[in-house]
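The values are calculated or read from the model by the stated rules, or taken from the named source; none is laboratory data. Here the structure is a predicted model, which is why all the values come from computation and not from measurement. Please note that ligands, DNA and RNA were not included when accessible areas were found on the heavy atoms of the full protein model with its side chains. Shrake-Rupley method; radii C 1.70, N 1.55, O 1.52, S 1.80 Å.
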Amino acid sequence: MFKLITRLAQFASTTCILLFIYMVYAFADMTEFDLITELSFIIIQPIIGLILTFLTTSCCYLIGLPLRLNQKVKTWWLERQFIPAFGLIAGIVLILLSFYSQFTHLEIVTLDSGTVEKRVPNFTLAIIGWFTIAFALLHFYPFHFFKYSKKALK
């Protein structure tokens, strides 16, 4: 029962955090602020975000099955919970770097009023950061992290 609750909590927290990141990107992508755009942002973007986060979380869960099913690998992973902690930090850094001006690129966007140049975040850095965060959160066990951190500090 505890394992099921842990997995559900991992899945839910990963989905919520990825949905938040998706919504930040969706908001950053908005160029016009009119009624149609705002309704799209409020109604359609969360649906698309939920679908993408669910697919990402499911893929990362499948990729991480050896960490859950193979007892030797699972024990090794649980003793090294600093790996997903660093993965989470690395993913956040990659997401933030995708917005950094040296990594963004200009794209021409067509609006009702004509064409406009717009800075777009680096897609490669964003995707790598997205999947790194998803995998790290999905395979992070806080109880083991604190247990082995306490053990390592002694």
Highest-MSF residue in the chain out of Leu78, Leu19, Leu106 [GNM, Cα springs under 10 Å]: Leu106
Tell me, what HN-Hα J-couplings in whole Hz come from the Karplus equation 6.51 cos²θ - 1.76 cosθ + 1.60 at θ = phi - 60° for each residue of region 20-28, using x for Gly and Pro? 4, 4, 4, 5, 5, 4, 5, 5, 5
Tell me, what % of the accessible area of region 1-153 is carbon and sulfur with a 1.4 angstrom probe? 75 percent
With angles folded into 0 to 90 degrees, how steeply does helix 142-153 sit against the dominant principal axis of the chain? Use alpha carbons for both and round to 10. 60 degrees
Residue-by-residue Karplus 3J(HN,Hα) for region 84-92, coefficients 6.51, -1.76, 1.60, Hz, glycine and proline x: x, 5, 5, x, 4, 4, 4, x, 5
Residue by residue, what Karplus-based ³J(HN,Hα) values in Hz, rounded to whole numbers, does region 62-79 have, using 6.51, -1.76 and 1.60 with θ = phi - 60° and x for Gly and Pro? 5, 5, x, 4, x, 5, 9, 9, 8, 4, 5, 5, 4, 4, 4, 5, 5, 6
List the relative contact order of region 64-124 as a percent without decimals, with contacts defined as Cα pairs under 8 Å and 6+ residues apart. 22 percent
Given an 8 Å cut-off on Cα distances and at least 6 residues of separation, report the relative contact order of region 1-153 as a percent. 28 percent
Heavy-atom accessible area per residue, the chain, 1.4 Å probe: how many Å²? 67 Å²
Expected max-MSF residue from Thr56, Thr104, Thr15 in the GNM of the chain (alpha carbon, under 10 Å) is Thr104
